[in-house]
Amino acid sequence: MIQVRLQPFTIYESALMRTTSTLIETNESLIVIDPTWLPEEIAMIRRDVELRRQGRKLYVIYTHQHYDHIIGAYAFPDATVIASQAFVETDASAQLDEIKSFYEQYYIDRPIVKPTVDIMISEDGTLALGSTPITFLLTPGHESTHMSLIIEPLRLLVCGDYGSNIEPPFIEHDAEAYLTSLQKLQAAIYEYEIRWLIPGHGDLCDDRSKMMERLSAAEEYILALPEERVWSPMWPEHAFFERVHERNRNYVEQRARDRESRRQDF
C-alpha cells in the first residue's frame, strides 16, 4: 500500500512488518530505496517507476543487506545500484537463504538475487546523482553493512532500520556502533535541517522534535542494557518484541563478558 505520496517522493508500506520502500523523483533520475516485500508490492513500485520514468536514469539504493530490504532486487535489473562497501564485502548467503525459505513457506516463485553494486560507498560523504546531492552516512550497529542517506534538496533523511516509531532497536551487529550511529543521525537532523525522516519500518515523521524523540528512545534503551528494560511508550508490548529484547540483552551481556575476559588476559 502507499503510506504517503507527495510530489517529490512516495513511501510504500508492506503488509509485512510495516516495511517501507521509497521512490524519489528528481529532474534527471528516479531513486528507489529498499524495494520490498511481496511480489504485488514490488510490482506496484516497478509500475510507478515505469509510469514516471520518461527516459530518466534509475538508481536503486540499499540501506543494508537484511533480506527484507533486498528481496525486491530482481525487479530492477536495469538500475544503477548503490550500497556500502561493507554490503559488497559481506557474504550474503544467509540473507539469500532467508529469502529462499520465505518463498518456499508461502509458495512464492520469484528470482533470488543479491544486488550487484555499481557505486560503492566507503565513507561518509556527498555524491551527486545528476544535479541532486545525496549525503551518505555509514550507520552500522543494527547491521554491519548499514548506511543512511540524506536527499539534500528535499531535506529528506532515509535512515533504514533506525528511527522507527513502532519497534525497539534490533541489535544484530554492535551495540556501541549502534549508539554512535544514533548520535550521527541526531546531529544530521539539525545540521541538514531535516524536514522528513523515513524509517525502514513504521511511519514517516515530519516533526524534528519527534525525530529526536524516536532516536533518543532507542539510545536510552541501549544504554540501560542489560540490567534494565527502558521501553518507549511508542513500542508495542508483545511476545515477539520480548524475544527481541532478550536477544539484545543477551548480546550486550556476552560482549561485556568478552571484554572482561580480554582484560584479564592482559
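The values are calculated or read from the model by the stated rules, or taken from the named source; none is laboratory data. Because the structure is predicted, anything quoted here is derived from the model rather than measured. Quick reminder, even Gly has a Cβ in these numbers, built from the backbone with ideal geometry, and neighbours come from all protein chains shown. To get the accessible areas, we keep the full protein, side chains included, count just its heavy atoms, and leave off ligands, DNA and RNA. Shrake-Rupley method; radii C 1.70, N 1.55, O 1.52, S 1.80 Å.
Summary of computed values
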| item | result |
| --- | --- |
| Test: His69 is touching an Asp or Glu at 6+ places or on another chain (Cβ under 6 Å), open to solvent by less than 10 Å² (accessible area, probe 1.4 Å), assigned to a helix (DSSP H, G or I) and at pLDDT 95 or above | yes |
| Test: residue in region 98-112 that is closer than 23 Å to Lys184 by Cα, touching a His at 6+ places or on another chain (Cβ under 9 Å) and at pLDDT 95 or above | no |
| Selection within region 221-242 - open to solvent by less than 20 Å² (accessible area, probe 1.4 Å), outside any loop (DSSP other than H, G, I, E, B) and among the aromatic types (Phe, Trp, Tyr) | Tyr221, Phe241 |
| Any pair with Cβ under 7 angstrom, 6 or more apart, that starts in region 125-136 at a residue that is more than 15 Å from Thr26 (Cα to Cα) and ends at one that is open to solvent by 40 Å² or more (accessible area, probe 1.4 Å) and among the aliphatic types (A, V, I, L, M) | Phe136/Leu127 |
| Unique residue being at pLDDT below 95 and either out of contact with any Phe, Trp or Tyr (no Cβ under 8 Å at 6 or more places or on another chain) or closer than 23 Å to Ser232 by Cα (or both) when the list is Gly130, Gly141, Gly160 | Gly130 |
| Residue pairs meeting the criteria (Cβ under 9 Å; at least 6 apart or on separate chains; first under 27 Å from Lys210 (Cα atoms) and in contact (Cβ under 8 Å) with a residue 24 or more places away in the chain, in region 233-262; second surrounded by fewer than 16 Cβ atoms within 10 Å (Cβ to Cβ) and among the hydrophobic types (A, V, I, L, M, F, W, C)) | Met234/Ile166; Trp235/Ile166; Pro236/Ile166 |
| Residue match in region 152-167 (condition: surrounded by fewer than 17 Cβ atoms within 10 Å (Cβ to Cβ) and among the charged types (D, E, K, R)) | yes |
| For Leu16: the one exception among (1) within 22 Å of Pro199 (Cα to Cα); (2) crowded, with 16+ Cβ neighbours inside 10 Å; (3) under 17 Å from the mean Cα position of the chain (by Cα) | (2) |
